[in-house]
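Every number in this text was worked out from the coordinates using simple rules, so none of it is lab data. Just so it is clear, the model here is predicted, and its values are computed rather than measured. Using ideal geometry, Cβ is built from the backbone for each residue, glycine included, and neighbour counts are taken over all protein chains shown.
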Amino acid sequence: MRTNLSVTVTLMIQAAKKILVVVSALFPIVDPIGGSPFFLVLTGDYTAQMRRLLARRIALNSMTEVQSGVRSPALMLLTKGSILPANLPPTVGPGSVSVAITLGANEPRQLGTNLLMILAAAIGCAFVAISIYLCYGFADRLAFVIGATGMNVILKLSSFLLVCIGVQIVWNGLSKLLNSLLHLAGLMVPL
């Protein structure tokens, strides 16, 4: 009896960790707060009702695309072409999909645990999708509360963070490449 309870508690803790990992890994890359100024500019002529309808579709499509990446890289590749065009502005791009694939690649392969982790990943993706809907659907209100200067700051910070992520990805790739070339040449240099 006690063993079953400890296993259940352990599984619940793992599921909670998975939810937190998915949200903390995807939220900064998806960046719905930073995307809301773009969304507002692109939908400036829309009514609030149309903006919310579009925001809901983008949130659902984003969740589907990211969730397919978390579950299976093959499924993500099959669905990518049909889902990505509905994500305007490009809410879920290559960065978030690659993070989702990385998260999915490290999953346990036992049926019960795997189902629980898929459910936890779906809950984490749902949290991100809800944030997309709220930020995009109410982008006009967010812009009013934050003001033009605040929206400009968010836009510039989001752009800066994306540049930083890109530089880090390039740096990591070049470091690995240089290290492997030096290793092949017999010059072991730790980086």
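As a proxy for reagent exposure, 118, 29 were ordered by neighbouring Cβ count within 10 angstrom, fewest first; the result is 118, 29.
If we count other beta carbons within 10 Å of each Cβ, what is the order of 40, 155, fewest first?
155, 40
Annotation for residue 175 and residue 163: the two label points, set 7 Å from Cα along the Cα-Cβ direction, are 2.1 nm apart. Applied to the stretch 128-133, the Karplus parametrisation 6.51 cos²θ - 1.76 cosθ + 1.60 on θ = phi - 60° returns per-residue 3J(HN,Hα) values of 5, 5, 5, 5, 4, 4 Hz, with x for Gly and Pro. Where does the charge balance sit around residue 33 when Lys and Arg score +1, Asp and Glu -1, over other residues with C-beta under 15 Å from its C-beta? Residues close to residue 33 contribute a combined charge of 0.
The phi torsions of the stretch 118-127, fed into the Karplus equation with coefficients 6.51, -1.76 and 1.60 and a -60° offset, translate into couplings of 5, 4, 5, 5, 5, 5, x, 5, 5, 4 Hz, rounded to whole numbers, with Gly and Pro shown as x.
Ranked by how many other Cβ atoms sit within 10 Å of their own Cβ, fewest first, the residues 66, 92, 7 fall in the order 7, 92, 66.
Whole-Hz Karplus values for the stretch 44-52 come out as x, 8, 7, 6, 4, 5, 5, 4, 5 Hz, taken residue by residue from phi with 6.51 cos²θ - 1.76 cosθ + 1.60 and θ = phi - 60°; glycine and proline positions read x.
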